[in-house]
Amino acid sequence: MTIVVNDPQAAEFGRAVSQFAQDVHITDQPVDRQAWKRAGALGLTGLEVPAAFGGSAGATYAWSAAAVDALATISHGLSSTFTISFDIATPYLVALGTPEVHQRWLPLLAQGEAIAALALTEPGAGSDLAALSTRAEPKGDHFFITGSKTFITNGSIADVIVVAARTSPQAGARGISLFAVDANSVGLTRRRIPTIGQNDCDTAELFFDQVEVPLSHLLGTLDEGFLHLMDRLPQERITSSIANLAQADVAMNLTLTQVRERQAFGRSLGSLQHNAFRLAELDAQRSAVRAHVDACIERLMNKTMSTADGARAKLLSARLENDILDLGMQLHGGSSFLEGTEINQRWIDGRVTRIWAGADEIMLHLIAKDLGL
Ligand SMILES: Cc1cc2nc3c(=O)[nH]c(=O)nc-3n(C[C@H](O)[C@H](O)[C@H](O)COP(=O)(O)OP(=O)(O)OC[C@H]3O[C@@H](n4cnc5c(N)ncnc54)[C@H](O)[C@@H]3O)c2cc1C
């Protein structure tokens, strides 16, 4: 990332996060609370928190980009668990939270003493977020939330959850609000869901039964949660794109090593023109996608990035990552199908990137809209 390379402090921070990630990563289970506290001491969990609440003063999004790249290079799941908390959920609390929400959660999040999650998806509403049916009803000085959420990253380990719930039943997208919900609230139950990949990242279902949330924990404006989401999802897509490109790089390196070493028909697999050309094509695409993501990082920092810019980055990076991983599987031959090889672990971990944070088709929809279609 040019933007990171040109910012020596961000680049140095990325190296520190890389060392941290190597030290704490455990295959097949989420990192423990000690690792989160270490991330707090490093400044990772405070990247989006204002200095007044103990956040990492002076850090720009270039620091986040360097951190995401470093985490995802070690493991996609490791990157998912940390980025959902520090880069995706925490900014909602910072930008939209009341002073009470700020005081209660931001210092803990900055120190790595608390973990955050973002709960939008429901069993009946994923891509079509406006169809969500979890209800939040005001009564006295509280809202009461009832409904369920699914596929929530950090869902069973989070301390604070940004929850989207319906506050105006008939108003469609215009009747949704966001709340900061204490994950230990009475009436909230959580269940970890087994997944085929990223097992070093927690994914859970949440069930809300009249969960009491103080009025002061409303985030932003009542009924305007959908607009708040639209404002912030582009950053999530760039963060996803950075992780996707880190995976693409790892997959490309694993595959290049394989095709240089593996001999067939008296020569290396990589010297067979068909393989060499396919890898060369993907390498060229990788340069183009990286240039676009780099430009998006810059635009995000200048506040000039459009929704369609972010959609292009997410679409292209997820497809590229999966194309390289798939070719990597092919060129590793039968060994790619053995349990526990790095290429197949990355292949399994990477597949979800074309589905989550807005599926490919949702990205295409946003780009088509930008074209006036
Ligand atoms: C491991 C994991 C972690 C996740 N983490 C979170 C999280 O932290 N918070 C959260 O809120 N959600 C999270 N999600 C949910 C994720 O964002 C949704 O899975 C995603 O938005 C798709 O919704 P869905 O699964 O309901 O699929 P559906 O909406 O049912 O869509 C299924 C498929 O239909 C196709 N499709 C959808 N819309 C269109 C269209 N308009 N045109 C054509 N085809 C279309 C796409 O191929 C899509 O994959 C996570 C999911 C997974 C698997």
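The values are calculated or read from the model by the stated rules, or taken from the named source; none is laboratory data. Because the structure is a prediction, the values reported are computed rather than measured. We place every Cβ from the backbone using ideal geometry, glycine too, and count neighbours over all the protein chains shown.
Listed values, structure above:
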{"read-out": "Condition check for Ser216: outside any helix (DSSP H, G or I), of a type in the set (Ser, Thr, Tyr) and surrounded by fewer than 22 Cβ atoms within 10 Å (Cβ to Cβ)", "value": "no"}
{"read-out": "Residue satisfying all of: in the stretch 339-362; among the acidic types (Asp, Glu) and either touching a Gly at 6+ places or on another chain (Cβ under 8 Å) or at pLDDT 95 or above (or both); farthest from the ligand (Cβ to nearest atom) among these", "value": "Glu342"}
{"read-out": "Hey, Asp223 within 24 Å of the chain's Cα centre (by Cα), modelled with pLDDT of 95 or more and either over 28 Å from Met301 (Cα atoms) or away from the ligand (no atom under 12 Å from the Cβ) (or both) or not", "value": "no"}
{"read-out": "Options Thr150, Thr189: the member that is touching a Pro at 6+ places or on another chain (Cβ under 8 Å) and not assigned by TED's automatic domain parsing to the domain that holds Arg33", "value": "Thr150"}
{"read-out": "Top-ranked residue of the stretch 126-154 - restricted to ones that are more than 12 Å from the ligand (Cβ to nearest atom), without any contact (Cβ under 8 Å) to a residue 60 or more places away in the chain and touching a strand residue (DSSP E or B) at 6+ places or on another chain (Cβ under 8 Å), ranked as farthest from Gly77 (Cα to Cα)", "value": "Glu137"}
{"read-out": "Among the residues listed as Leu269, Leu315, Leu366, the single one being away from the ligand (no atom under 16 Å from the Cβ), out of contact with any Phe, Trp or Tyr (no Cβ under 7 Å at 6 or more places or on another chain) and at pLDDT 95 or above", "value": "Leu269"}
{"read-out": "Test: residue in the stretch 45-53 that is charged (D, E, K, R) and part of a helix (DSSP H, G or I)", "value": "no"}
{"read-out": "Selection status of Ala291, under 19 Å from the mean Cα position of the chain (by Cα), closer than 16 Å to Ile242 by Cα, away from the ligand (no atom under 16 Å from the Cβ) and assigned to a helix (DSSP H, G or I)", "value": "no"}
{"read-out": "The listed residue being of a type outside the set (D, E, K, R), free of Cβ contacts under 8 Å to residues at least 40 places away in the same chain and either more than 25 Å from Ala313 (Cβ to Cβ) or in a helix (DSSP H, G or I) (or both), out of Gln19, Gln29, Gln9", "value": "Gln19"}
{"read-out": "Test result for Ala165, part of a strand (DSSP E or B), within 13 Å of the ligand (Cβ to nearest atom) and not assigned by TED's automatic domain parsing to the domain that holds Pro50", "value": "yes"}
